[in-house]
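Only one structure is covered here, and it is reproduced in the block below.
The values are calculated or read from the model by the stated rules, or taken from the named source; none is laboratory data. What you are looking at is a predicted structure, and each value in this text was computed from that prediction instead of being measured. All Cβ positions, glycine included, derive from the backbone under ideal geometry; neighbour counts span all protein chains shown. These accessible areas exclude ligands, DNA and RNA; they are computed on the full protein's heavy atoms, side chains included. Shrake-Rupley method; radii C 1.70, N 1.55, O 1.52, S 1.80 Å.
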Amino acid sequence: MTQLNEVPESIRAIKGTDKILEWFGYWPRLHDSNILDVTLVVNGVSTIRLHAFHMSSELDERGYFVLNKHCQITFKISDVTQLNFTADTLNIGLLFGVSLDREGDEYVLDLDPSAGLYGSLRARTISVELEPYQATL
């Protein structure tokens, strides 16, 4: 997890990142997030929607970490300059983590896989949205 003061200004400048920082209190790695859907649009806005959560240090009665702050995070992407996605299966999209960086005039979004769909893209325009989410685990 990246603390508030460690979030690069180039990432803070992205529309919607303030909502994520407010929700979690930090910039999440999105470890164990699930890909809910990916929509690719030629000459338009593409989206990647994730189910994300905070994994607390608290244990439940079964000995599992308590997951809270469930939400849907949607990356809205346009002006894509490079796209590289692969899937070992489309039945699951479980992520080890997500990274978002700025290189020159482009953003780089990497979906690091645990299983299923993964890859990266480069785009000139990106924003994020967050909606609270009622998890059904």
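The trypsin sites (Lys or Arg not before Pro) of the stretch 37-95 that DSSP puts in a loop, and whose beta carbon has at most 10 other beta carbons within 10 Å, are Arg62. Annotation note: GluC sites (Glu not before Pro) in the stretch 11-68 located in DSSP loop regions with a Cβ neighbour count of at most 12 within 10 Å are Glu61.
Distance between the modelled labels on Lys69 and Thr125, one decimal in nanometres: 3.0 nm (7 Å Cα→Cβ projection). At full extension, Leu90 and Leu40 could sit 16.5 nm farther apart than now, given 0.36 nm per residue minus the alpha carbon distance. Secondary-structure-derived ellipticity at 222 nm for the chain, considering helices only, amounts to -2000 deg cm²/dmol, per-run term -39500 (n - 2.57) for DSSP H runs with n ≥ 4.
Solvent-accessible area of His51, all protein chains in place: 10 Å² (probe radius 1.4 Å, heavy atoms, ligands and nucleic acids excluded).
Qualifying chymotrypsin sites (Phe, Trp or Tyr not before Pro) in the stretch 1-86, where qualification requires a DSSP coil assignment and no more than 11 other C-beta atoms within 10 Å, comprise Tyr64. Summing charges over all other residues whose Cβ lies under 15 Å from the Cβ of Lys69, with Lys and Arg as +1 and Asp and Glu as -1, gives -2. Modelled label positions at Val7 and Asp101, each set 7 Å beyond Cα in the direction of Cβ, lie 1.9 nm from each other. Annotation: per residue accessible area for the chain equals 58 Å², rounded to a whole number [probe 1.4 Å, protein chains only]. As a calculated quantity, the FRET efficiency between Asp79 and Ser57 at R0 = 41 Å, using C-beta atoms, amounts to about 0.55. Surface composition of the stretch 1-88: carbon and sulfur make up 49 percent of the accessible area, probe 1.4 Å. The ellipsoid equivalent to the alpha-carbon distribution of the stretch 19-68 has semi-axes of 29, 14, 6 angstrom, derived from the gyration tensor eigenvalues as √(5λ) and listed largest first. Charge tally for Val98 (other residues, Cβ to Cβ under 14 Å; Lys, Arg +1; Asp, Glu -1): -2.
Summed over all non-identical Cα pairs, the Kirkwood treatment of the chain gives a radius of 15.5 Å.
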